[in-house]
Amino acid sequence: MNIPLRLIPGAIAELFAQVSCSGKITLADRYGLLAALLEEDSLTEEERDSIDRMLYALYRGRMQVVEELSALPRC
């Protein structure tokens with residue numbers, strides 16, 4: 001049985017802001033990204049760009065993957 005995934009409108013923008021502020025990608029953030037990528041057809045160009053920026057920042061070492069469930073932004 002397949003359960004359809006639906007993102008909350010504005011979820012990627014909020015995720016981008018939270019991850020940029022904290023510098024950490026948490027377990028909950030990774031699941032949010034997974035859900036977004038599984039619904040790739042419904043992503044806007046802006047949302048795709050935000051995901052690309054997060055992945056690039058991770059690649060460049062500006063963010064770190066943590067095993068925390070969530071992180072409170074401190075900005």
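Read the figures in this text as sums done on the coordinates, not as results from a lab. Values in this document were obtained by computation on a predicted structure and should not be read as measured data. Quick reminder, even Gly has a Cβ in these numbers, built from the backbone with ideal geometry, and neighbours come from all protein chains shown.
Amide H neighbours of K24 under 5 Å, counting only residues 5+ apart in sequence or on other chains, H built in-plane at 1.01 Å?
Counting only residues 5 or more places away or on other chains, the set is Q64.
For the pair R60 and L38, how long in nm is the line joining their label points, each one 7 Å along Cα→Cβ?
Rounded to a tenth, the inter-label distance reads 3.1 nm.
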